[in-house]
Amino acid sequence: TSVCVGDTLTLIDNSTNATGRVWTMSGASPSSSTIANPVVTYSTPGTYSVTLIATNAYGNDTVSNATYITVNALPTATMSASKTSACSGDSIVISAPGGMKSYLWSTGESTASIVLRSVGTSQVSVSVTNNQNCTATSTPQTFTIYASPTTNISGTQSLCAGESSVY
């Protein structure tokens, strides 16, 4: 009875001898159903009621619970970086929001912050899971570490006074 925003939830009708039923699920989509085991989703965090009326030729029976479904908010999956580009020998530190139950970076690391050091361009995102086991993934961002330039000087190595050379 505890889900995350956007998750699907299957409600199960355990009634016996019922030939019909009506579900009413506040805040859900769909908000009502006549099938035995409706699949619903919730788009807003909160606590929601569920009512089931089971019927047959001899009458009906109702069960209702005002706080049956708890819908937990998704965490905010963002990244902050020390910079978006650097030169070889330097690094880029990227951090996710603190206080999460777990982290999984697209680089495979599972810490709250990572450090990029390798030359090249990387698309990086992070998935964070909060204490209610709800997970969200950040928008990928591009980070680049540029290779240092190489220099090469060539030309005459020895000159006499008054001579010139091009290097």
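From the phi angles alone, apply the Karplus equation (6.51, -1.76, 1.60; θ = phi - 60°) to segment 130-145 and give each ³J(HN,Hα) in whole Hz, x where the residue is Gly or Pro.
Each residue's phi maps through the Karplus curve to give 8, 5, 9, 6, 9, 10, 9, 10, 6, 6, x, 10, 9, 10, 10, 10 Hz.
Pop a pseudo-label 7 angstrom from the Cα along the beta-carbon direction at both Thr24 and Thr121 and give the gap in nm to one decimal.
Spacing of the two 7 Å Cα→Cβ label points: 5.7 nm.
In whole Hz, with x marking every Gly and Pro, tabulate ³J(HN,Hα) for segment 33-49 from phi via Karplus 6.51 cos²θ - 1.76 cosθ + 1.60, θ = phi - 60°.
Rounded to whole hertz, the list is 7, 10, 8, 5, 10, x, 9, 10, 9, 10, 9, 10, x, x, 10, 10, 8.
Between Val5 and Ile35, what is the label-to-label distance in nm when each label sits 7 Å out along the Cα-to-Cβ direction?
For Val5 paired with Ile35, the spin-label model returns 2.6 nm.
Using a 1.4 Å probe, what is the accessible area per residue for the chain, in Å²? Don't jump to the answer; show the numbers that get you there.
On the way: 10220 Å² over 167 residues.
Ligands and nucleic acids excluded, the result is 61 Å² per residue.
Please list 3J(HN,Hα) in residue order for segment 73-84, calculated via the Karplus relation 6.51 cos²θ - 1.76 cosθ + 1.60 where θ = phi - 60°; whole Hz, with x for glycine and proline.
Karplus-based 3J(HN,Hα) across segment 73-84 equals 5, 6, x, 8, 9, 10, 10, 10, 10, 5, 5, 9 Hz.
How far apart, in nm, are two points set 7 Å out from the Cα along the Cα-to-Cβ line at Asn56 and at Cys87?
8.3 nm
Mind jotting down the distance between the C-alpha centroids of segment 67-96 and segment 145-167, whole Å?
46 Å
Tell me which label goes with the value of Rg and Dmax of the Cα atoms in Å computed from the coordinates here: [x] 25.6, 114; [y] 30.4, 120; [z] 21.5, 78.
Read-out taken from this structure: [y].
Be a star and scan segment 5-22 for residues whose amide nitrogen sits under 15 Å from the point 7 Å along the Cα-to-Cβ vector of Asn65.
Under 15 Å, as judged by backbone N against the label point of Asn65, lie 9-15 of segment 5-22.
The values are calculated or read from the model by the stated rules, or taken from the named source; none is laboratory data. Just so you know, these numbers come straight off a predicted model, no measurement behind them. Please note: Cβ atoms are built from the backbone with ideal geometry, for glycine as well, and neighbour counts cover all protein chains shown. The accessibility values were calculated without ligands, DNA or RNA, using every heavy atom of the protein model including side chains. Shrake-Rupley method; radii C 1.70, N 1.55, O 1.52, S 1.80 Å.
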